[in-house]
1. For region 99-106, in order, what is each residue's ³J(HN,Hα) by Karplus, 6.51 cos²θ - 1.76 cosθ + 1.60 with θ = phi - 60°, in whole Hz (x at glycine and Pro)?
2. Given axes a ≥ b ≥ c from the Cα gyration tensor, I'd like to know whether region 35-161 is rounded (a/c under 1.5), prolate (a/b larger than b/c) or oblate.
3. For region 249-262, what does the Karplus curve 6.51 cos²θ - 1.76 cosθ + 1.60, with θ = phi - 60°, yield as ³J(HN,Hα) per residue in whole Hz, taken in order and with x for Gly and Pro?
4. Using the Karplus curve 6.51 cos²θ - 1.76 cosθ + 1.60 with θ = phi - 60°, work out ³J(HN,Hα) for each residue of region 162-168 in order, rounded to whole Hz, and write x for Gly and Pro.
5. Ordered by packing density, taken as the mean number of other Cβ atoms within 10 Å over each peptide's residues, highest first, how do 170-180, 277-287 rank?
6. Starting from the Cα of Lys88, draw a straight line to each of the lysines and keep only those under 20 Å, dropping any in the same chain fewer than 8 residues away.
7. Can you list residues whose amide H is under 5 Å from Gln204's amide H, if they're 5+ apart or on another chain and H is modeled 1.01 Å from N?
8. Between the alpha-carbon centers of region 153-185 and region 43-80, tell me the distance in whole angstrom.
Amino acid sequence: MESFNVIWLAVGLVLCATPPGVHGATDAFDWCYHDSSCNDTTWPVKAPKFCNGSRQSPIDIVSAGATLDADLKDFTFTKFDSKSALTKIENTGQTIKVTLDSGVGVSGGGLPTAYDSMQFHLHWGNGSSVPGSEHTVDGKRYPMEFHIVNFRSSFNGNATQAVSDSEGVAALGFFIDVSDNTTGEPAAWKSLASHLSNIKLQGQSDSVSGISLDDLLPGVNRSRFYRYLGSLTTPLCYEAVVWTVFKEPVKISKDLIDMFANTVHIGNASTPLMTNVYRNIQPAQPVTHSSGSKMNFSFGIIVFTVALWMR
């Protein structure tokens, strides 16, 4: 997402960034998070076709109301273990976005087809004490949320096609919570956050290497997740997204979470720090969930050991 005053055309590559040419100038309008003249309360009026639609995101997930779907099997993640999967990190003015290398993708998990992973970005509040995840669960808002954005593989990265298809985008949402570790953990998140000092201002970017997506998702059982059909969470709020929101959060130390709200600006050095970069909760949608039958490896070892001991 660009700076506070930038005119956004249509959202394509990310849930919060716009490639040129997706729509014409008639769709353009100023939007932001920080000012009442252009924040998310104005989007349904300025972009009523989608931002005032019937399947908008994010939502509050009511766990007791989610229906079990036996078809939500395990995912297949391609090149999530690659240390060269992350290529560039940039300050778009409204989020921190990381571009992914070609060949990264996801399939399975009840998705209708295979998807290519294009990038990821983050949403946060104002440090660890003021939560800023987009989705909530049973009313709980987490400190941050991490979105991996994927397009149908058959579209070959074409944003226009992706946002024009009701299931053209698959978004993987991971909550980020505060860990018990004092500082600088996990190492991959410390490495990622170290780039923030090089991208303090809107438009600045830096190269990234040596971090895999798996490194950024330690301890998360990716067989346990919620599923619903929704939208992009920024204008033009296209209702084109198959949402997967994972139940288990990524645990990150407080100092790393705080760095995002304390380091980067929405524009130049005289503009405000980038805080509270999330859309408010939209009307409820039908939610299903996976069985999550795949045990965490360490838990499985414990169960197996206890079973042997009891023989």
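1. For region 99-106, the Karplus-derived couplings read 7, 9, 5, 5, x, 7, x, 8 Hz, x marking Gly and Pro.
2. Values: a/c = 1.44, a/b = 1.24, b/c = 1.17.
In terms of gyration-tensor shape, rounded.
3. x, 7, 9, 10, 5, 4, 4, 6, 4, 5, 4, 5, 6, 9
4. Using θ = phi - 60°, the values come out as 4, 7, 8, 9, 5, 10, x Hz.
5. 170-180, 277-287
6. Answer for Lys88, where 20 Å is the Cα cut-off: Lys79, Lys97, Lys190, Lys200, listed by chain and number.
7. Those lying under 5 Å, H to H, from Gln204 are Asn91.
8. Cα centroid of region 153-185 versus Cα centroid of region 43-80: 12 Å apart.
Only the coordinates and a few stated rules stand behind these numbers; no lab work does. No experiment lies behind these values; they were computed from the predicted model shown. In this analysis, Cβ positions are derived from the backbone assuming ideal geometry, glycine residues included, and neighbour counts consider all displayed protein chains.
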